Amino acid sequence: AASDVYKRQEGLTSIEKIAANDESIVATAHYYKGLYFSNIKNTSMAVQEFHEAITVETNEDERTFYIEKYIMERLKETSPMELLTSVRNYTNETFSKDSKAKLVLLLASLYEKMNDAVMATVCRTKAVALSPSVDKERFDVAYKAPDSLKMLAALQYDILISRQDENLAALNNLGVICQNNSMPIKGFSLYRRAMSGGEALAAANIAFKY
């Protein structure tokens with residue numbers, strides 16, 4: 001373990017020397033220093049280095065990546081509620097739709113840690129609307145939606161099915177929503193479509209509910 005720490009220290013020294021002569025990798029140097037301090041459980045120094053990386057980075061995609069690391073590190077010593085304002089501010093300062101969507105998803109994760117399922121769902125919905133790059137999150141929007149937002153979940157499943165007819169999990173889950181909202185015929189139809197594709201849960205739902 002001691003040798004590993006020594007190797008990481010040597011690596012940091014090398015990065016710092018290179019960064020001293022190449023301004024384009026200064027942010028990267030701060031990031032790797034942040035990782036080093038995070039690995040040795042020095043959270044305050046890790047937070048400081050990740051913040052420096054954010055400050056000097058001009059590329060929005062890279063900056064967003066550093067913001068995510070910074071917030072996750074701060075979560076080790078700070079409550080999610082205290083970080084909401086920071087993430088909102090970073091989101092407002094970001095112009096790329098892809099990067100903004102990732103930061104909105106970061107907001108969703110903070111709300112989720114606060115057990116606020118409604119706000120987490122709202123943020124995920126906004127993120128998938130902002131950028132196709134996070135469309136893979138659409139299933140999570142629907143699956144994690146609280147009961148009070150099941151109609152929003154139904155819409156997301158419907159979008160997934162319209163784009164990918166063989167999305168068996170979406171077919172089955174939309175069937176459940178229909179079944180639970182007085183639409184048994186529609187639910188049965190969706191279960192049958194999912195079951196024909198090999199979705200075992202759909203077969204179980206038909207056996208249990210019909």
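The values are calculated or read from the model by the stated rules, or taken from the named source; none is laboratory data. Keep in mind that this is a model prediction, so the values were computed, not measured. Neighbour counts run over all protein chains shown; Cβ positions are idealised from the backbone, glycine included. For the accessible areas, the whole protein counts, side chains as well, though only heavy atoms, and no ligand, DNA or RNA atoms are used. Shrake-Rupley method; radii C 1.70, N 1.55, O 1.52, S 1.80 Å.
Here is how the numbers come out for the structure above:
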quantity: Where a label projected 7 Å from the Cα of Asp98 along Cα→Cβ would reach, residues of the stretch 119-145 with amide N under 14 Å; calculated: 131-136
quantity: Estimated distance in nm for a label pair at Ala129 and Ser24, the labels positioned 7 Å out from Cα along Cα-to-Cβ; calculated: 3.9
quantity: The stretch 124-134 - phi-based ³J(HN,Hα) in whole Hz, Karplus 6.51/-1.76/1.60, Gly and Pro as x; calculated: 4, 4, 5, 4, 5, 6, 6, 8, x, 5, 10
quantity: Computed FRET value (nearest 0.05) for Glu77 with Lys136, which takes r as the C-beta separation and R₀ as 25 Å; calculated: 0.20
quantity: Accessible surface of the stretch 40-135, 1.4 Å probe, proportion on carbon and sulfur as whole %; calculated: 51
quantity: Greater than 19 Å apart at Cα, pairs in Lys33/Lys113; Lys69/Lys100; Lys41/Lys113; Lys150/Lys186; calculated: Lys33/Lys113; Lys41/Lys113
quantity: Distance (nanometres) between label positions extended 7 Å along Cα→Cβ at Leu84 and Thr58; calculated: 3.5
quantity: Charge tally in the Cβ shell below 11 Å around Pro80, where Lys, Arg are +1 and Asp, Glu are -1, Pro80 excluded; calculated: -1
quantity: Rounded tilt (10° steps) of 200-209 against the dominant C-alpha axis of the chain; calculated: 40
quantity: Ala117 versus Met45: modelled label distance in nm, points set 7 Å from Cα along the beta carbon direction; calculated: 4.3
